[in-house]
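Worksheet for the structure shown next.
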Amino acid sequence: MADIRKPIPVEKAIEYVWEYRLNGEAEYISINDCDNRRLAEDIIANHPVPPFPKSPYDGFALRSDDTVEASRDNPVTFEVVEHIGAGEVPEKKLHKGQATRIMTGAKIPEDADCIAMFEICDTYEHENSSYMSIKRKMEPNQNIIEEGSEVAKGEKLINQGTLINPGTKAILATFGYNRVKVAKKPVIGVIATGTELLDVDEELQPGKIRNSNAYMITSQIIRAGAAYKYFGKLEDELNTSYEMIKQALNEVDILITTGGVSVGDFDLMPAIYEKLGAEVLFNKVAMRPGSVTTVAAADGKLLYGLSGNPSACYVGFELFARPVVQHYLFNEMPFLRRVKAILADDFSKPNPFTRFVRSYITYENGNVHANLSGIDKSNVVTSLAHCNSLMVLPGGTRGFKAGDEVEAMLLEDNQGQAGFLAE
Ligand SMILES: Nc1nc2c(c(=O)[nH]1)N[C@H]1C(S)=C(S)[C@@H](COP(=O)(O)OP(=O)(O)OC[C@H]3O[C@@H](n4cnc5c(N)ncnc54)[C@H](O)[C@@H]3O)O[C@H]1N2
Ligand code: MOO
Ligand SMILES: [Mg+2]
């Protein structure tokens, strides 16, 4: 009797996987290596910014009181008593009628309360002394960047789980984070199964194809922010496959296999799960592609049996593995972000089950458009090339027409969302 499997709804499958998600760990790395990693702690300002009052311009620091009488017809003259650049500390306190020649970023001298830009000042030398004059009245605090005016000490600036981008890195440097506490990347093992598989550098042979899933999945793992360990490809032979999978499980946080999860005579994964004593969380999901996606748990680790069909394999990873990786990486918005989009092409197939259509997003006149990225079949690989989103067509719907509103899950977005469904 054939193995009849009962499909469960996608949301239910996500729930099952979610129960086995692992919490991540933190590690310290050099600031030079932290791009695209996620923070494993909140970043708090450990000093005010700026840490001292400073000049925003090249000009003169003055006491505004001394300019009260200044006007176009009545220039007021100051003796320039000091000359400081950024990084220097002014030593002279200003008295009546005195000014400091000061550069952008330099600390404001004591008792100065405004900065006059060079452009509104005249300067001259007389008997070895420098003077400047000004023809307009200055206001107290004019052109002064106050200490702490940008950020007060103790203010929270970035949340744990945030992806480090150039701006984040600037803040880390500002506050002296030479070593950065980031989420450790989970290590995901990858094994491709199938006697038909050739290596990428092999010539085609009758009945055989090149192994594209391993390359695709390792690339998806990198895009998700995790690290991979590739164990190679396996022929469909029970004992060697079992031994390799058992061994691989010991070395990784999560294990992904591709192929061999359906009901074929050489689909060995079900027997391997049994031999491993793994708990199969589900082996059939009410979705297309990827209905055969299987997830099991062994030794507290998730074991993904993704389909051998490339598009099904791809979708299985994005739906069920990527959010788990994001959770591990301290991301509080671990699920793929969904947006409303205008369908750009007709899609005439009915959808008995939820369908995740490989598509790519374009932006036209401020609208988000979802375009089909190629043939919508589980066994095709070419439609993945331009895919940057998965259009979600709910089960129980007929075909869709260009111009219809659909939901699309973004694959190259960093914002994410808190839950799987539309928010
Ligand atoms: N009687 C039934 N047959 C099938 C069912 C079913 O319900 N009843 N489900 C179909 C569906 S849906 C899918 S999807 C596939 C899933 O197959 P498997 O996960 O068991 O994968 P394989 O049989 O090993 O291979 C399927 C297909 O994918 C190619 N493949 C495998 N590995 C790779 C790789 N690393 N790179 C590129 N391509 C790969 C393989 O050559 C096969 O063509 O089962 C249906 N059958
Ligand atoms: O799992 Mo299959 O992809 O539904 O075609
Ligand atoms: Mg099969």
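Every number in this text was worked out from the coordinates using simple rules, so none of it is lab data. None of these values were measured; they are calculated from a predicted model. Counting neighbours? That spans all protein chains shown, and the Cβs are built from the backbone with ideal geometry, glycine included.
Out of all DSSP beta bridges with both ends in the chain, state the antiparallel percent to the nearest 5. Here the share of antiparallel DSSP bridges comes out near 70 percent.
Phi angles across the range 26-31 convert, under the Karplus curve 6.51 cos²θ - 1.76 cosθ + 1.60 with θ = phi - 60°, into 3J(HN,Hα) values of 10, 8, 9, 9, 5, 4 Hz, Gly and Pro given as x. If a spin label sat at a point 7 angstrom from the Cα of K135 along the line to its beta carbon, the backbone N atoms of the range 43-71 nearer than 15 Å would be those of 70-71.
Pairs of Cα atoms nearer than 8 Å and 6+ residues apart set the relative contact order; for the chain it is 16 percent. Counting only alpha carbon atoms, the long axis of helix 10-19 and the longest principal axis of the chain meet at about 70°.
Picking from A86, N74, S130, whose Cα lies most toward the positive end of the charge dipole for the range 59-134 (charges on Cβ: Lys, Arg +1; Asp, Glu -1)? Checking the options against the dipole of the range 59-134, the answer is A86. A DSSP coil position with no more than 12 other Cβ atoms inside 10 Å describes the following trypsin sites (Lys or Arg not before Pro) in the range 1-86: R72.
Angle of helix 213-224 to the longest C-alpha principal axis of the chain, folded into 0 to 90 degrees and rounded to 10: 30°. DSSP finds beta bridges in the range 338-410, and of those with both partners inside it, around 90 percent are antiparallel. A straight Cα-to-Cα reach below 19 Å connects K93 with the lysines K54, K107, residues fewer than 8 places away in its own chain not being considered. Averaging the Cα positions of each part gives two centres, and for the range 374-409 and the range 131-159 these lie 54 Å apart.
Taking amide hydrogens as placed 1.01 Å from N in the peptide plane, the amide H of G105 sits under 5 Å from those of S55, Y57, each at least 5 positions away in sequence or on another chain. Note on the chain: dipole from Cβ charges, positive end direction compared against G419, F335, N239; the farthest Cα belongs to N239. Peptides 187-193, 82-88, ordered by how many other C-beta atoms sit within 10 Å of their residues on average, highest first, read 187-193, 82-88. For H126 and N46, a Förster radius of 60 Å and the Cβ-Cβ distance give a FRET efficiency of 0.80, rounded to the nearest 0.05.
Computed about its Cα centre, the charge dipole of the chain is approximately 1200 debye, with only Lys, Arg, Asp and Glu carrying charge at their Cβ. From the alpha carbon centroid of the range 36-112 to that of the range 229-264 is 66 Å. Cross-link reach is defined here as a Cα-Cα straight distance under 29 Å, omitting same-chain residues fewer than 8 places apart; for K340 the lysines meeting it are K12, K284, K349, K377, K401.
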